[in-house]
Amino acid sequence: MTDPIAFVGSQLDRFQSELYDFLRIPSISAKSEHDGDTRRTAEWLAARLTDAGLTSELVETPGHPIVLAEWRGAPGAPTVLIYGHYDVQPAEPLDEWLSPPFEPTVRDGRLYGRGTADDKGQFYMHVKALESHLATRGSLPINVVVLAEGEEEVGSPNLVPFVEAHRDRLACAVVVISDSGMFAEGLPSLLFSLRGLAYFEIHVKGAKSDLHSGEYGGAVTNPGNALARIIASLHDRDGRVAVPGFYDDVAQWDAETREQIRQLPHDDRAYRAELGVNALSGEAGYGTLERTWIRPTCDVNGILCGYTGEGAKTVLPNRAMAKVSFRLVPNQTPAKVRALFEAHVAKVTPPGVTVEIRELHGGRPWRAKVEGPAFEAAAEALEETFGIRPVPMGAGGSIPIVVDFEGQLGATALLVGFSLPGCNLHAPNEWLPLAYFGNGIETLVRLYSKLGDKLAS
Ligand code: BES
Ligand code: MN
Ligand code: MN
């Protein structure tokens, strides 16, 4: 067989059963009890890359290892960096999964399991697309560096230093990433943006210990009340973030992109129904897609305070904590947002408690130029597979390393994703349309060929 696309069809059953093996290893980067599993996943992945015909190794870091693989047998052809992550989010709440999170299960054409969409299922498409070229042609149309990290879901703490220290080895014209989604079923997409992230914990402390809420209530500042006040001060009535200076660096999007967004087939009523909410809310003056793609936000991710067990306990707690994150857009930076947030919280904190802010992780927002040969290659590859020209779209989520790849390597990032809205990323019952595993591999087989053609010097 000499046609890599035909090879994909003939090997799809095997490709799928390998993917199931990949998905079965619980590579939960956030939990140290799974450090062994996470390493085993990296070793498994490196072995599959070797099987595919690349040279692979594990690069140790202070955290989870980086899987690095290379194939440089096409002198004169462009070099492409393929990035993804083999770690996954914790599976909790476990009792809401209809089938076990680490036992891949197909129901109604959907492959369910943690990591099916984010990102093992999508990353493995690249591994199999590379194999399909090498097995049929004995070569690739491009030179390739494959980099899979095991810490994306915990903020990539060790990847930035690695990229900085290995700029020569990672040098490339284009970075291809499949860790995002399509706009809708049957409608492929290319990303023009990712939001950034600034994530904090607010710790509020009051009296030496918990107190009787009848004896002391009214005379002592309750950290729970104080935290509620701080949180309430983060937004105004128009749904805007009320931290002074927060919007100073927010770039206004161009009229053309905003018009493209308006053209997309989005229906607020269907969106509401799908999410099970009776109304949508957000920053006044912007639509739902704009609010989630090109406008910054602030959200409470968790709150801890007081007695939450069975029955009533009349207690005045002496501490409270909230996790609060901001999604950022160009040209905001996590560092500036931190300074503004700290100043604001200091100003609104009532007397009688002390507040400490801890930064968890951050990442800068990314905006693409949606034109040029790499973008055109991806548009053609998607159109050949899905029969329709991809639409440009933004993403509300974050992939912090993308900005560093572009900045450190001088490369263009290309985000070609195959999950769908509603795929339950980070949630119970994560899934990927099973057919998209094969469609994705075919698209990437075509993409590599087209990148080889269009970027040839
Ligand atoms: N793949 C996601 C990001 C994503 C989701 C991009 C949907 C586009 C569409 C990634 O694995 C992720 O979850 N990132 C985290 C950030 C990280 C610092 C924990 C996020 O966005 O919360
Ligand atoms: Mn991801
Ligand atoms: Mn994720």
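Of (1) under 20 Å from the mean Cα position of the chain (by Cα); (2) touching a residue at least 24 places away in the same chain (Cβ under 8 Å), Gly407 satisfies all except one. Which?
So the condition that Gly407 fails would be (2).
Return the pairs, sorted by first residue and then second, in which the second residue is buried (at least 19 other Cβ atoms within 10 Å of the Cβ) and of a type in the set (Ser, Thr, Tyr), the first residue lies in region 441-457 and is closer than 12 Å to Ile5 by Cα, the beta carbons are less than 8 Å apart, and the residues are 6+ apart or on different chains.
Ile441/Ser132; Glu442/Thr385; Thr443/Thr385; Leu444/Ser178; Val445/Ser132; Arg446/Thr385
Given the conditions (1) within 16 Å of ligand 1 (Cβ to nearest atom); (2) over 30 Å from Asn424 (Cβ atoms); (3) not acidic (Asp, Glu), report the number of the one that Ile230 does not fulfil.
Unmet condition: (1).
If a residue must be touching a residue at least 12 places away in the same chain (Cβ under 8 Å) and either away from ligand 2 (no atom under 16 Å from the Cβ) or over 28 Å from Asn143 (Cβ atoms) (or both), how many such residues does region 163-180 contain?
Adding up the residues that qualify gives 9.
Taking the options Gly239, Gly302, name whichever one is at pLDDT 95 or above, part of a loop (DSSP other than H, G, I, E, B) and among the small types (Gly, Ala, Ser).
Exactly one residue qualifies, and that residue is Gly239.
Could you look through region 1-49, keep only residues that are among the β-branched types (Val, Ile, Thr) and in contact with a helix residue (DSSP H, G or I) (Cβ under 9 Å, 6 or more places away or on another chain), and pick out the one that is nearest to Val67 (Cα to Cα)?
Across region 1-49, the extreme among qualifying residues is Thr41.
Name the pairs: first residue in region 105-128 and closer than 16 Å to Pro428 by Cβ and in contact (Cβ under 8 Å) with a residue 60 or more places away in the chain, second residue among the polar types (S, T, N, Q) and buried (at least 24 other Cβ atoms within 10 Å of the Cβ), Cβ to Cβ under 6 Å, at least 6 apart or on different chains?
The qualifying pairs are Ala117/Ser419.
Considering only region 424-434, state which residues are surrounded by fewer than 23 Cβ atoms within 10 Å (Cβ to Cβ) and either among the acidic types (Asp, Glu) or closer than 16 Å to His85 by Cβ (or both).
Those that are surrounded by fewer than 23 Cβ atoms within 10 Å (Cβ to Cβ) and either among the acidic types (Asp, Glu) or closer than 16 Å to His85 by Cβ (or both): Leu425, His426.
Among Ala335, Ala320, which is the only one that is of a type in the set (A, V, I, L, M), exposed (fewer than 14 other Cβ atoms within 10 Å of the Cβ) and not assigned by TED's automatic domain parsing to the domain that holds Leu414?
Ala335
Among the residues of region 137-162 satisfying the criterion of being surrounded by 22 or more Cβ atoms within 10 Å (Cβ to Cβ) and part of a helix (DSSP H, G or I), which is nearest to ligand 3 (Cβ to nearest atom)?
The extreme case among them is Glu152.
Taking region 16-44 as the search range and keeping residues that are touching a Leu at 6+ places or on another chain (Cβ under 9 Å) and of a type outside the set (S, T, N, Q), which one is nearest to Leu147 (Cα to Cα)?
Top of the filtered list is Ala42.
When you go through (1) in contact with a Gly (Cβ under 7 Å, 6 or more places away or on another chain); (2) under 30 Å from Ile231 (Cβ atoms); (3) away from ligand 1 (no atom under 16 Å from the Cβ) one by one for Pro350, which number turns out not to apply?
(1)
Kindly provide the set of residues from region 218-263 that are surrounded by 15 or more Cβ atoms within 10 Å (Cβ to Cβ), of a type in the set (A, V, I, L, M, F, W, C) and within 29 Å of Trp366 (Cα to Cα), ordered by number.
Ile231, Leu234, Val241, Ala242, Val243, Phe246, Val250, Trp253, Ile261
Tell me yes or no: at least one residue of region 290-305 is of a type in the set (D, E, K, R), within 21 Å of Val353 (Cβ to Cβ), buried (at least 16 other Cβ atoms within 10 Å of the Cβ) and in contact with an Asp or Glu (Cβ under 9 Å, 6 or more places away or on another chain).
For region 290-305, residues of a type in the set (D, E, K, R), within 21 Å of Val353 (Cβ to Cβ), buried (at least 16 other Cβ atoms within 10 Å of the Cβ) and in contact with an Asp or Glu (Cβ under 9 Å, 6 or more places away or on another chain): absent.
Quick one: what pairs do we get from region 271-299, first residue part of a loop (DSSP other than H, G, I, E, B), second among the polar types (S, T, N, Q), C-beta under 8 Å, 6+ apart or different chains?
Qualifying pairs under 8 Å: Leu280/Thr288; Gly282/Thr288; Gly282/Thr297; Glu283/Thr297; Ile294/Ser193; Ile294/Thr257; Pro296/Gln332.
The values are calculated or read from the model by the stated rules, or taken from the named source; none is laboratory data. Just so it is clear, the model here is predicted, and its values are computed rather than measured. In this analysis, Cβ positions are derived from the backbone assuming ideal geometry, glycine residues included, and neighbour counts consider all displayed protein chains.
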